[in-house]
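Accompanying notes for the structure given below.
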Amino acid sequence: MTFPPLPFALPAPFHVALFFSSLYFLAALLTGVWKWRAMLAASDGLAHKYVDIAHHAALHYGPFILLAGLLASFWPFDNLFGAWILVEIMGWTMVLSLSRYISLGLRGTITNQLHRATAPARFGLVFFFFGSFIPGILIAIGALIGLWPDLPGKPF
């Protein structure tokens, strides 16, 4: 079965963001069921902290990456390749951090991965900084530059 083409073209960064947002949507559904089952099984009615964190991370990463893709679509520089790469880096960084939360939730023994931080946990923080924070700042600055000329009433 083939679907008719869209009547419009999606910018490459937004297209990539939709892909990752779909992954996070599925992850939020699956971790939500996992959290619900864990809450039913627990005597205090609470899921393990990292089961809860994995579910919330999946819920938050989906809209976040969509916003990043939308902002990256206003990339003002020569082509959208740089913005596409930034969204891609952010998406995979979030996939890796979500998978870390899921693995900690499956183990169920750690309550704070940074209390006695291991080398992988420290590396994960640095990786997240360079893989999400810095690309996010670059996307936001690029969007501000790209949107500035068309901003109604230019406040400054």
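Consider residue 59 carefully, then state whether it is closer than 24 Å to residue 38 by Cβ and modelled with pLDDT of 85 or more.
Answer is yes for this residue.
Filtering region 71-84 down to residues that are part of a helix (DSSP H, G or I) and either at pLDDT 85 or above or hydroxyl-bearing (Ser, Thr, Tyr) (or both), which residue is surrounded by the most Cβ atoms within 10 Å (Cβ to Cβ)?
Per the stated criteria, the residue is 72.
Residues of region 92-112 being surrounded by 12 or more Cβ atoms within 10 Å (Cβ to Cβ) and free of Cβ contacts under 8 Å to residues at least 12 places away in the same chain, which ones?
Within region 92-112, 99, 103, 106 qualify.
Might you check whether a residue that is in contact with a Leu (Cβ under 9 Å, 6 or more places away or on another chain) and either within 20 Å of residue 59 (Cα to Cα) or acidic (Asp, Glu) (or both) occurs anywhere in region 130-145?
Within region 130-145, one or more residues are in contact with a Leu (Cβ under 9 Å, 6 or more places away or on another chain) and either within 20 Å of residue 59 (Cα to Cα) or acidic (Asp, Glu) (or both).
May I ask you to say which residue of 77, 129, 123 is of a type in the set (Phe, Trp, Tyr), touching a residue at least 40 places away in the same chain (Cβ under 8 Å) and out of contact with any helix residue (DSSP H, G or I) (no Cβ under 6 Å at 6 or more places or on another chain)?
77
Here are 46, 26: which of them is out of contact with any Phe, Trp or Tyr (no Cβ under 8 Å at 6 or more places or on another chain), free of Cβ contacts under 8 Å to residues at least 40 places away in the same chain and either of a type in the set (Asp, Glu) or over 25 Å from residue 115 (Cα atoms) (or both)?
26 is the lone residue from the list that is out of contact with any Phe, Trp or Tyr (no Cβ under 8 Å at 6 or more places or on another chain), free of Cβ contacts under 8 Å to residues at least 40 places away in the same chain and either of a type in the set (Asp, Glu) or over 25 Å from residue 115 (Cα atoms) (or both).
What's the number of the condition residue 54 fails, among (1) closer than 19 Å to residue 24 by Cβ; (2) modelled with pLDDT of 80 or more; (3) out of contact with any Phe, Trp or Tyr (no Cβ under 6 Å at 6 or more places or on another chain)?
Unmet condition: (3).
What are the residues in region 9-48 that are of a type in the set (D, E, K, R) and either crowded, with 18+ Cβ neighbours inside 10 Å or in contact with a Ser or Thr (Cβ under 6 Å, 6 or more places away or on another chain) (or both), if any?
Within region 9-48, just 35 meets the criteria.
The values are calculated or read from the model by the stated rules, or taken from the named source; none is laboratory data. As the structure is a prediction and not an experimental result, all values here were calculated from the model. Here the Cβ is made from the backbone with ideal geometry for all residues, glycine too, and neighbour counts use every protein chain on show.
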